[in-house]
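Undergrad: Before anything else, here's the structure in question.
The values are calculated or read from the model by the stated rules, or taken from the named source; none is laboratory data. Just so you know, these numbers come straight off a predicted model, no measurement behind them. We place every Cβ from the backbone using ideal geometry, glycine too, and count neighbours over all the protein chains shown. Accessible surface areas use protein heavy atoms only, side chains included; no ligands, DNA or RNA. Shrake-Rupley method; radii C 1.70, N 1.55, O 1.52, S 1.80 Å.
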Amino acid sequence: MRNSETTDWRLVLLIWAAGLGGAAQYGKIAVIFDRLPEIYPGGGTALGFAVSLVGLVGIVLGVVAGVLVGRIGYRRALLSALLLGAAVSALQAAFPPLPVFLGLRLVEGAAHLAIVVAGPTMIAQIAAEKDRPLALTLWGTFFGVAFAVLAWGGVPLARGVGLPALMLAHGAYMAAMAAILWPILPRVSKAPAAAPPPADLWRAHGRIYTSARIGAPAWGWLFYTASFVSVLTVLPPFLPEGSRLLVVGAMPLLSILCSLTLGVWLLRHVSAVTVVVLGFATCAVLAALLGLAPGTPSLALGLGAALGLVQGASFASVPQLNGTLADRALANGGLAQMGNLGNTAGTPLMVAVIGVAGHAGLMSALCLLFLGGGAVHLALGLRRGRA
């Protein structure tokens with residue numbers, strides 16, 4: 001399938017909606033995590049894996065997904081992942097013995113990976129060139145929107161009807177998205193034969209992370225994910241108690257709003273990588289100011305908004321830097337891998353820093369992460385310029 005002069009926004013929105021189901025594979029357990037001991041009273045520390053196993057699959061198999069999704073076809077991969085996710089959620093609703101439940105989370109992690117690789121790759125292919133930045137910025141909001149929906153709707157459902165109801169609702173949503181997309185999802189071409197074969201996964205990793213084009217979005221995304229989740233997790237205790245809930249709830253929403261407004265406007269005038277670097281630089285300045293004025297709500301809200309520039313432009317940079325479907329799928333696989341690594345490592349790292357150096361150490365560490373994200377993009381940009 002070739003890019004057309006116009007964008008089928010109905011299809012873009014539906015793929016994005018499928019992405020919400022993929023993000024909810026993380027979020028549905030995160031929002032009820034405090035209630036899992038009711039079902040698994042002897043679970044202890046093993047319950048932590050109920051959330052992290054999905055991320056662990058992404059760390060280990062992110063690049064594998066980028067390779068395999070490109071070879072089996074994006075339509076088939078997305079639809080299969082939605083159906084697999086629906087089946088897994090239905091099985092999870094029974095809350096089987098903990099080892100079985102954790103095994104289902106591993107399977108769910110594989111379905112999640114297929115969605116986050118196939119989804120943005122297909123959106124980049126079906127969107128007209130002029131609309132691609134907006135379409136991929138929209139895709140970049142799927143995690144924030146999904147978590148907001150789960151917090152506002154999923155948690156009350158679990159409290160009022162029971163935890164199994166949340167699992168069943170998620171499964172029904174995934175099945176419905178598969179049914180809706182099945183007759184209208186186009187057959188986007190498979191990756192060409194030149195794509196790395198599944199048996200040569202080390203070569204695929206090397207190709208991604210040594211390439212100044214394929215690997216650039218993933219390297220920047222590592223610094224973003226290591227900071228975004230940790231900011232929302234460890235910053236609240238340092239905010240004034242009276243405004244804490246309002247600020248923490250508004251930060252991800254401001255991130256999405258900034259991504260879809262200022263971010264999209266900037267993408268019409270400068271490259272996606274430039275927007276990412278600008279976002280990181282702004283975040284570094286705001287983190288430094290928060291270090292000087294701890295707990296200032298306006299600075300925290302500004303930080304949340306500035307992170308939105310990095311969020312949307314990172315996905316938009318994939319097709320700007322990579323012209324072929326094979327390279328885009330690999331780049332999205334790298335994003336998935338580095339994103340899961342950042343999400344998994346970021347919060348424990350920041351908690352350790354706070355334990356040693358307190359609020360000042362936290363802000364210093366965040367500044368280093370933001371400066372590191374900008375620096376890696378600038379360095380890879382210089383490499384591309386010399387190529």
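Undergrad: Here's a check for you: in the stretch 25-38, which residue that is open to solvent by 10 Å² or more (accessible area, probe 1.4 Å) and assigned to a helix (DSSP H, G or I) is nearest to Tyr173 (Cα to Cα)? Break it down into steps so the answer makes sense when it comes.
TA: Residues of the stretch 25-38 that are open to solvent by 10 Å² or more (accessible area, probe 1.4 Å), as a first pass: 26, 30-31, 33-35, 37-38.
This time we only want the ones that are assigned to a helix (DSSP H, G or I), so: 26, 30, 33-35, 37-38.
Values: Tyr26: 15, Ala30: 18, Phe33: 21, Asp34: 24, Arg35: 23, Pro37: 26, Glu38: 25 Å.
Of everything passing the filter in the stretch 25-38, Tyr26 is nearest to Tyr173 (Cα to Cα).
Undergrad: Ala360 versus (1) buried (at least 17 other Cβ atoms within 10 Å of the Cβ); (2) touching a residue at least 60 places away in the same chain (Cβ under 8 Å): which is the lone unmet condition?
TA: Of (1) buried (at least 17 other Cβ atoms within 10 Å of the Cβ); (2) touching a residue at least 60 places away in the same chain (Cβ under 8 Å), only one is false for Ala360: (1).
Undergrad: Kindly indicate which of Val117, Val155 is under 22 Å from Gly215 (Cα atoms) and either of a type in the set (Lys, Arg) or open to solvent by less than 50 Å² (accessible area, probe 1.4 Å) (or both). Talk me through it step by step, then tell me what you get.
TA: On the way: Val155 fails: under 22 Å from Gly215 (Cα atoms).
Only one candidate qualifies: Val117.
Undergrad: Listed residues Leu83, Leu56; which is open to solvent by 30 Å² or more (accessible area, probe 1.4 Å) and at pLDDT below 85?
TA: On the way: Leu83 fails: at pLDDT below 85.
Matching residue, one of Leu83, Leu56: Leu56.
To keep it simple, each residue is scored yes or no on (1) of a type outside the set (D, E, K, R); (2) outside any helix (DSSP H, G or I); (3) at negative phi.
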{"residue": "Phe95", "(1), (2), (3)": "yes, yes, no"}
{"residue": "Arg105", "(1), (2), (3)": "no, no, yes"}
{"residue": "Glu108", "(1), (2), (3)": "no, no, yes"}
{"residue": "Leu168", "(1), (2), (3)": "yes, no, yes"}
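Undergrad: Scan the stretch 264-296 residue by residue and report those that are part of a helix (DSSP H, G or I), open to solvent by 40 Å² or more (accessible area, probe 1.4 Å) and closer than 13 Å to Ser364 by Cα. It would help to see each step written out before you state the result.
TA: Filtering the stretch 264-296 down to residues part of a helix (DSSP H, G or I) leaves 264-267, 272-292.
Imposing the further condition that a residue be open to solvent by 40 Å² or more (accessible area, probe 1.4 Å) reduces the set to 265, 274, 278, 281-282, 285, 288-289, 292.
Of everything in the stretch 264-296, those that are part of a helix (DSSP H, G or I), open to solvent by 40 Å² or more (accessible area, probe 1.4 Å) and closer than 13 Å to Ser364 by Cα turn out to be Val285, Ala288, Leu289, Leu292.
Undergrad: What's the number of the only condition in (1) more than 20 Å from Gly171 (Cβ to Cβ); (2) open to solvent by less than 20 Å² (accessible area, probe 1.4 Å); (3) in contact with a helix residue (DSSP H, G or I) (Cβ under 7 Å, 6 or more places away or on another chain) that Gly73 fails to meet?
TA: Just one mismatch for Gly73, condition (3).
Undergrad: Only one of these conditions is not met by Lys130: (1) more than 16 Å from Leu79 (Cα to Cα); (2) part of a helix (DSSP H, G or I). Which number is it?
TA: (2) is the only condition that Lys130 fails.
Undergrad: Pairs under 7 Å by beta carbon, first residue under 23 Å from Leu78 (Cβ atoms) and among the hydroxyl-bearing types (Ser, Thr, Tyr) in the stretch 157-180, partner surrounded by fewer than 21 Cβ atoms within 10 Å (Cβ to Cβ) and at pLDDT below 95, six or more apart or different chains?
TA: none
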